[in-house]
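Below is one structure, written out as structure tokens, with a few remarks after it.
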Amino acid sequence: MEYKLRKAEPRDVPDILRLVKELAKYEEMEHQVTLTEKELLEDGFGDTPFYHCIITEIQGEKSSEDRKVVGFAMYYFTYDPWVGKQLYLEEFYVMDEYRGLGIGSGILRHLSNLAMKTRCTGMMFVVAENNEPSVQFYKRRGAEDLSQEEGWRLFRFDKDSLVKMAAPSEE
Amino acid sequence: MNFKIRRAAKEDCKDISRMIMDLAIYEKMPDQVKISHEELERDGFCQNPLFESLLSKVAEKQCVRLQLSVLNWNTPSRDFYAAKGAQDLTVTEGWHAIRFDGQNLDNLANEAPKD
């Protein structure tokens with residue numbers, strides 16, 4: 001099967017949101033997705049992109065069939081004050097029916113190349129500990145589990161907490 | 001005591017670099033600090049800066065969340081963030097932080113495609 005890996009364009013936004021929701025469902029947290037196509041479009045394809053996206057599309061079997069988007073990765077660049085630029089892999093997903101064909105490896109290879117080209121010293125992301133297939137997929141390729149090896153825990157402040165912290169103090 | 005919070009300027013990089021090292025020592029990982037104030041100056045204060053240094057940016061850019069990592073043994077920090085309303089997602093949702101670097105990142109970039 002032929003597949004093509006390319007940079008996402010504004011017209012891909014509906015497919016990106018569809019895959020974001022599919023991944024959230026796989027992670028059993030789909031109720032947490034409140035993002036809209038409008039926000040994805042503004043945030044990724046406006047003056048200041050907050051994310052970058054690559055997608056994998058396949059050509060349908062009949063030439064009359066539309067191309068189908070079957071996988072994607074969303075990433076951005078972050079900064080580690082100890083070693084410099086990092087590529088942060090935010091989302092990475094291949095549709096169930098298209099796994100085991102090398103699409104995921106192809107996406108990772110492309111991102112690793114990009115990381116090297118842009119002088120990033122590492123590629124970082126989070127994985128849910130109960131996601132055995134993914135944990136094994138990354139460990140096989142030499143990834144380090146920093147939560148296990150160094151004791152890092154992921155913390156989050158949600159909107160309500162942010163509003164409270166940003167409010168001026170009473171003093 | 002009076003103190004002032006302001007945006008960092010290029011001249012602050014020597015102090016920022018010193019504090020990064022102080023924090024790394026506190027986190028028991030000083031040998032992992034590989035960049036100096038020169039790189040901070042280059043990466044933070046050039047045409048397209050890679051980082052900005054104020055919490056107010058979060059509200060300004062209409063962000064819905066602020067995410068960070070804390071070491072599991074660092075109880076004062078964990079308590080500080082929890083008191084302000086942060087959740088430990090490693091505990092509540094099972095997230096682990098993963099990294100590919102050095103030779104492993106190289107290998108990934110050079111992996112032969114499965115055809």
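Per-structure values
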{"read-out": "Every pair of residues 6+ apart whose Cβ atoms lie under 6 Å, when the first sits in the range A:139-156 and is within 7 Å of chain B (Cβ to nearest Cβ) while the second is of a type in the set (D, E, K, R) and assigned to a loop (DSSP other than H, G, I, E, B)", "value": "A:Arg156/B:Arg65"}
{"read-out": "Index of the failed condition, A:Leu23 passing every other in (1) surrounded by 13 or more Cβ atoms within 10 Å (Cβ to Cβ); (2) more than 10 Å from every other protein chain (Cβ to nearest Cβ); (3) in a loop (DSSP other than H, G, I, E, B); (4) not acidic (Asp, Glu)", "value": "(3)"}
{"read-out": "The listed residue being modelled with pLDDT of 90 or more, part of a helix (DSSP H, G or I) and not small (Gly, Ala, Ser), out of A:Leu101, A:Leu35, A:Leu89, A:Leu41", "value": "A:Leu41"}
{"read-out": "Matching residues in the range A:123-157 - criterion: being closer than 22 Å to A:Tyr79 by Cα and either part of a loop (DSSP other than H, G, I, E, B) or in contact with a Phe, Trp or Tyr (Cβ under 6 Å, 6 or more places away or on another chain) (or both)", "value": "A:Met123, A:Met124, A:Val126, A:Gly142, A:Ala143, A:Leu146, A:Gly151, A:Leu154, A:Phe155"}
{"read-out": "All positions within the range A:116-136 that are under 14 Å from B:Leu105 (Cα atoms) and out of contact with any helix residue (DSSP H, G or I) (no Cβ under 6 Å at 6 or more places or on another chain)", "value": "A:Lys117, A:Thr118, A:Arg119, A:Cys120, A:Thr121, A:Gly122, A:Met124, A:Phe125"}
{"read-out": "Qualifying residues in the range B:23-53 (those that are farther than 23 Å from B:Arg99 by Cβ and loosely packed, with under 12 Cβ neighbours inside 10 Å) - the one modelled with the highest pLDDT", "value": "B:Glu38"}
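The values are calculated or read from the model by the stated rules, or taken from the named source; none is laboratory data. As the structure is a prediction and not an experimental result, all values here were calculated from the model. Note that each Cβ is placed from the backbone with ideal geometry, even for glycine, and that neighbours are counted across all protein chains shown.
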